[in-house]
Amino acid sequence: MSDAFGQAPRGGWAPLVSELHVEDLERSLAFWCGVLGFTVAYRRPAERFVYLERPEGGQIMLCQRNGRWETGLLEPPFGRGAMFQIYVRDLDAIEARISTHRWPIHTGPREVWRRTGDTESGQREIFVQDPDGYLLMIAANIGTRAPAA
């Protein structure tokens with residue numbers, strides 16, 4: 001009998017999904033679900049593992065540290081040198097939850113336009129760190145425009 005609960009992600013499997021090792025799975029779930037609006041697609045309680053998804057298609061796996069798959073020293077803040085981008089439809093709702101939970105903001109909110117080939121793509125973005133220090137950019141697309149001269 002399987003100890004898995006839930007089902008495969010509603011939108012199908014994303015082509016690339018990261019698994020983050022966390023110190024306290026319940027604390028991380030409170031952040032990822034309560035603050036960032038992810039939901040649990042499925043979980044394996046015996047492994048202290050969850051697979052999360054957002055309606056826009058973002059997916060992430062969280063697993064409480066157990067020594068498996070750790071290729072070197074892992075000390076806080078985790079994820080040094082990596083940043084995870086999560087695109088959402090409603091950044092205002094995320095900002096409101098960040099404020100309600102009094103979660104510290106690393107950078108932003110801000111509006112940024114970046115050159116993408118022969119156009120510029122704009123987005124509103126805010127940066128936060130999860131409970132283990134992983135850096136996350138939460139962003140909403142705001143359109144494209146001709147490059148500034």
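The values are calculated or read from the model by the stated rules, or taken from the named source; none is laboratory data. Keep in mind it's a predicted model, so treat the numbers as computed, not measured. Virtual Cβ from ideal backbone geometry, glycine too; neighbours counted across all protein chains shown. To get the accessible areas, we keep the full protein, side chains included, count just its heavy atoms, and leave off ligands, DNA and RNA. Shrake-Rupley method; radii C 1.70, N 1.55, O 1.52, S 1.80 Å.
Is at least one residue of segment 132-142 in a strand (DSSP E or B), more than 13 Å from the chain's Cα centre (by Cα) and without any contact (Cβ under 8 Å) to a residue 40 or more places away in the chain?
Yes, some residue in segment 132-142 is in a strand (DSSP E or B), more than 13 Å from the chain's Cα centre (by Cα) and without any contact (Cβ under 8 Å) to a residue 40 or more places away in the chain.
Confirm whether ARG43 is basic (Lys, Arg), in a loop (DSSP other than H, G, I, E, B) and open to solvent by 70 Å² or more (accessible area, probe 1.4 Å).
no
As an exercise: evaluate SER99 against (1) free of Cβ contacts under 8 Å to residues at least 12 places away in the same chain; (2) open to solvent by less than 90 Å² (accessible area, probe 1.4 Å); (3) in a strand (DSSP E or B) and give the number of the one condition it does not meet.
Result: SER99 passes all but (3).
Looking only at segment 59-80, decide whether some residue is among the aliphatic types (A, V, I, L, M), without any contact (Cβ under 8 Å) to a residue 60 or more places away in the chain and closer than 30 Å to ALA149 by Cα.
There is no residue in segment 59-80 that is among the aliphatic types (A, V, I, L, M), without any contact (Cβ under 8 Å) to a residue 60 or more places away in the chain and closer than 30 Å to ALA149 by Cα.
From the list LEU62, LEU36, which one is in contact with a Ser or Thr (Cβ under 6 Å, 6 or more places away or on another chain) and modelled with pLDDT of 95 or more?
LEU62
Mind listing just one residue for me: the one in segment 9-28 that is out of contact with any Leu (no Cβ under 7 Å at 6 or more places or on another chain) and more than 15 Å from GLU56 (Cα to Cα) and, of those, surrounded by the fewest Cβ atoms within 10 Å (Cβ to Cβ)?
Here the residue is GLU26.
Conditions first: (1) closer than 27 Å to THR144 by Cβ; (2) in a helix (DSSP H, G or I); (3) in contact (Cβ under 8 Å) with a residue 24 or more places away in the chain; (4) not polar (S, T, N, Q). ARG89 passes all but one, so which condition is the exception?
(2)
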